[in-house]
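One structure is given below, encoded as structure tokens.
The values are calculated or read from the model by the stated rules, or taken from the named source; none is laboratory data. Because the structure is a prediction, the values reported are computed rather than measured. Counting neighbours? That spans all protein chains shown, and the Cβs are built from the backbone with ideal geometry, glycine included. Note: areas computed on protein heavy atoms with side chains; ligands, DNA, RNA excluded. Shrake-Rupley method; radii C 1.70, N 1.55, O 1.52, S 1.80 Å.
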Amino acid sequence: MKQVDILVIGGGIAGVSAAARFAQRASTVLLERESALGYHSSGRSATFYHFGIGDDAVRGLTAASRFFFANPPGEEAGSPLWQEKSALFFATSETMDQLEALETEMRRFSDNISRVGPAEMQAIVPVMKVGDGGAVAGLVDTGGRKLDADLLLQKNMRLLRAAGGEVMFNACVTGIVREGDRWIVDTPDQRYAARTVVNAAGAWADELAVMAGVRPLGLTPLRRTIIGFDPPQGLDVSGWPFLKTVFDDGFYMLPDAGLLLASPMDVTPSPPCDVQPDDYEMALAAWRVEEATTLSVQRIAARWAGLRTFVADKVPTAGFAPDAPGFFWLAGQGGYGLQTSPAMALAAEALLFGLPWPELLSEHGVEPHQIRPERLFG
Ligand SMILES: Cc1cc2nc3c(=O)[nH]c(=O)nc-3n(C[C@H](O)[C@H](O)[C@H](O)COP(=O)(O)OP(=O)(O)OC[C@H]3O[C@@H](n4cnc5c(N)ncnc54)[C@H](O)[C@@H]3O)c2cc1C
């Protein structure tokens, strides 16, 4: 049996970002069921950073994450983990009230927001249909950024290892029981005894809690689909922004590695699994792109789906389970787990080690009660 201070279960962005911080203060081992980091949600995202999503707590966590993406610590300190890429949110005449509400919310967190009309939108994305029946107004956020999920995961793994932490792959947790002041955790090759277990198992986090006899949070995994298609020949789309409707039954689209990626922003409940794209959602993505632009989706060159896992209030959760000593939640990252990961890791470090609440989080309006699990149990 291997003795360790902290066992982090789940090698997605949540688990590895937090483990990299924990390892600086205590012996830390990260257990990942798959043979690589980020096989599930963290490797399937659109990897975008913006303020057009979530509530104030999520936007605060997003703003507080800037320090890490812009100036990461470690050997290649100073070389950012993101690239500039504006966001353009647009409304039709029926959804102008949603654009106005979004503008008010975003302005609380970003100074880079400007309102644009039909001609400006067409100058930015020439294929947009504007005017009658099309886009009538938009919001440009020049503070949007394109993240690199693989770079982020690898960066955090290097930080974890540099601090003496370990990562174990093919290490599916099959049993967790409390014995005395330790958690005994079983994987196929090794048994561990840990003072603290961190549940960062993404869509599986509730299942893991039930395995440990801990009250689940009520997590809901929702499938989201992305397709990739070729832009029209001869058209350079690399400078196009992240384009998103302000209304929910719309789509988003962004250029990536020579393709245009699009999602119908589906929110279909799914059990935790290696989720696959659905034909209907792929067709819907293509149809919504064609409705709103003059693009024609001739061939779907790439496709995938992933799970976005939410608690009831849609704010990510970090903190000790109120009903189980030494069982720490780090779950429910929803549709913003990459862009909030540095701030969530910072929050988790403070809550797990009983440190003063980081000023950086307070400065952006994030306080412990907004993310601790107690809020979900009434
Ligand atoms: C299509 C799509 C688009 C998205 N776009 C964005 C975006 O633009 N920006 C953004 O910030 N976020 C985005 N997200 C959300 C983001 O991807 C997630 O919030 C984030 O990846 C969640 O990270 P995680 O570490 O909690 O989960 P995961 O990455 O799923 O990691 C959990 C890990 O736990 C492991 N695990 C589970 N059970 C066990 C066990 N018993 N033993 C050992 N290991 C176990 C799993 O194998 C998995 O690797 C998007 C998501 C999707 C699906």
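Restricted to region 42-60, and to residues that are closer than 21 Å to Ala347 by Cα and in contact with a strand residue (DSSP E or B) (Cβ under 8 Å, 6 or more places away or on another chain), which residue is farthest from the ligand (Cβ to nearest atom)? Break it down into steps so the answer makes sense when it comes.
Start the filter on region 42-60 by keeping residues that are closer than 21 Å to Ala347 by Cα, which leaves 42, 49-51, 53-60.
Okay, now just the ones that are also in contact with a strand residue (DSSP E or B) (Cβ under 8 Å, 6 or more places away or on another chain), so 49-51.
Working: Tyr49: 7, His50: 8, Phe51: 12 Å.
Ranking the candidates gives Phe51 first.
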Taking first residues from region 91-111 that are at positive phi and second residues anywhere that are of a type in the set (D, E, K, R) and open to solvent by less than 80 Å² (accessible area, probe 1.4 Å), the pairs with Cβ under 8 Å that are 6 or more apart or on different chains are none
Exactly one of Leu30, Leu37 is farther than 19 Å from Tyr252 by Cα, in contact with a strand residue (DSSP E or B) (Cβ under 7 Å, 6 or more places away or on another chain) and of a type in the set (A, V, I, L, M, F, W, C), and that one is Leu30
Cβ pairs under 8 Å, 6+ apart or interchain, first in region 2-26 and under 12 Å from Asn156 (Cα atoms) and touching a residue at least 24 places away in the same chain (Cβ under 8 Å), second of a type in the set (Ser, Thr, Tyr) and more than 8 Å from the ligand (Cβ to nearest atom), ordered by first then second residue, are Ala19/Thr28; Phe22/Thr28
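Residues in region 164-183 that are surrounded by fewer than 17 Cβ atoms within 10 Å (Cβ to Cβ) and assigned to a loop (DSSP other than H, G, I, E, B): how many?
To start, the set of residues in region 164-183 that are surrounded by fewer than 17 Cβ atoms within 10 Å (Cβ to Cβ) comprises 164, 166, 169-170, 172, 174-175, 177-181.
Still in the list and also assigned to a loop (DSSP other than H, G, I, E, B): 164, 169-170, 172, 174, 180-181.
Within region 164-183, residues that are surrounded by fewer than 17 Cβ atoms within 10 Å (Cβ to Cβ) and assigned to a loop (DSSP other than H, G, I, E, B) number 7.
Filter region 72-88 for residues that are away from the ligand (no atom under 13 Å from the Cβ) and under 19 Å from the mean Cα position of the chain (by Cα); which is farthest from Met265 (Cα to Cα)? It would help to see each step written out before you state the result.
The first filter runs over region 72-88 and keeps only residues away from the ligand (no atom under 13 Å from the Cβ), leaving 72-80, 83-84, 86, 88.
Now restrict to residues that are under 19 Å from the mean Cα position of the chain (by Cα): 72, 80, 83-84, 86.
Values: Pro72: 30, Pro80: 28, Gln83: 23, Glu84: 23, Ser86: 19 Å.
The extreme case among them is Pro72.
What is the residue count in region 224-244 for residues that are hydroxyl-bearing (Ser, Thr, Tyr) and outside any strand (DSSP E or B)?
Taking region 224-244 as the starting set, the residues that turn out to be hydroxyl-bearing (Ser, Thr, Tyr) are 225, 238.
Still in the list and also outside any strand (DSSP E or B): 238.
Residues in region 224-244 being hydroxyl-bearing (Ser, Thr, Tyr) and outside any strand (DSSP E or B): 1 in total.
So which of Ala348, Ala343 is closer than 20 Å to Ala194 by Cβ, crowded, with 16+ Cβ neighbours inside 10 Å and in the same structural domain as Arg182 (by TED's automatic domain parsing)?
Details: Ala343 fails: closer than 20 Å to Ala194 by Cβ.
None of the other options fit; the residue is Ala348.
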Counting only residues in region 22-41 that are surrounded by fewer than 20 Cβ atoms within 10 Å (Cβ to Cβ) and of a type in the set (A, V, I, L, M), the one nearest to the ligand (Cβ to nearest atom) is identified as Ala36
For region 288-300, pairs from a residue that is modelled with pLDDT of 95 or more and open to solvent by 30 Å² or more (accessible area, probe 1.4 Å) to a residue that is in a loop (DSSP other than H, G, I, E, B) and not acidic (Asp, Glu), with Cβ under 6 Å and 6 or more apart or across chains, are Arg288/Phe251; Arg288/Pro264; Thr294/Val127
